[in-house]
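The values are calculated or read from the model by the stated rules, or taken from the named source; none is laboratory data. Source: prediction; values computed, not measured. Here Cβ is always computed from backbone atoms with ideal geometry, including for glycine, and neighbour counts include all displayed protein chains. In case anyone asks, the SASA skips ligands and DNA or RNA and just uses the protein heavy atoms, side chains included. Shrake-Rupley method; radii C 1.70, N 1.55, O 1.52, S 1.80 Å.
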Amino acid sequence: MSDDQTPAGHPEPGGSEPGTPERGGPERGGPEPAQIRFFGTTWVHHDGGYGLRRAGAAVGSLALAAAGAVVLRFAFQGLEIAAVGPFVGILVVAGFAICSALAFRRTWDGFVRRPDPAARSAADTSSQGLMLIGFIGSLLAYFCRSLVEAPGEKLHRAEYTAARERYARRRGARTGNPAAKKSRPKKRR
């Protein structure tokens with residue numbers, strides 16, 4: 001929800017009241033943590049039902065992957081009923097297996113590091129179809145990562161820590177009045 005849509009007196013999901021620096025919120029004037037889907041900002045201090053959310057994300061993604069496998073099984077049975085032959089069946093199974101493996105790897109890498117914006121190419125946008133076909137691999141990557149942490153937590157934590165350090169350095173560099181230092185006359189001996 002945006003600030004305009006948040007009812008007065010109700011905290012935003014995964015955090016505290018907007019603008020209040022509590023235990024889960026950012027320090028006054030400092031950088032704010034990015035929200036992770038299904039987790040909000042609970043990943044910062046592992047509060048606000050973080051453990052339950054992780055368990056729910058793991059169970060939900062595994063259940064969706066199982067449901068997707070059942071749907072693919074029905075599709076494969078449709079190919080068997082159509083009697084298209086073993087070659088087409090092998091191609092379909094191999095295609096889904098390869099696409100799922102590629103989707104798993106790409107999703108897992110997305111949890112560990114940000115893609116370089118300069119390195120994005122037409123191949124990345126054209127591989128979105130492979131990701132759609134290999135949705136089971138993406139769901140399994142989400143499940144596996146949920147067992148360890150909130151998916152993307154390590155990446156977000158590193159970025160948040162770096163932003164807080166940059167903010168602290170900038171704040172430390174601005175202590176004192178630089179104009180007062182320049183206007184003082186030098187002592188002569």
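A few comments on the model shown:
- Among residues of the range 40-53 that are farther than 18 Å from residue 161 by Cα, those with a Cβ under 6 angstrom from a residue that is crowded, with 19+ Cβ neighbours inside 10 Å and of a type in the set (Val, Ile, Thr), sequence gap 6+ or separate chain, pair up as 48/42; 50/42.
- Out of 111, 104, 135, 96, one residue alone is open to solvent by 50 Å² or more (accessible area, probe 1.4 Å), closer than 26 Å to residue 159 by Cα and in contact with a Gly (Cβ under 8 Å, 6 or more places away or on another chain). It is 104.
Residue-by-condition table, conditions (1) open to solvent by 20 Å² or more (accessible area, probe 1.4 Å); (2) more than 28 Å from residue 96 (Cβ to Cβ):
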residue: 39; (1), (2): no, yes
residue: 43; (1), (2): no, yes
residue: 48; (1), (2): yes, yes
residue: 56; (1), (2): yes, no
residue: 59; (1), (2): yes, no
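- Residue check, residue 66 small (Gly, Ala, Ser), within 30 Å of the chain's Cα centre (by Cα) and within 20 Å of residue 146 (Cβ to Cβ): yes
- Being assigned to a loop (DSSP other than H, G, I, E, B) and under 27 Å from residue 34 (Cα atoms) is a property that residue 114 has.
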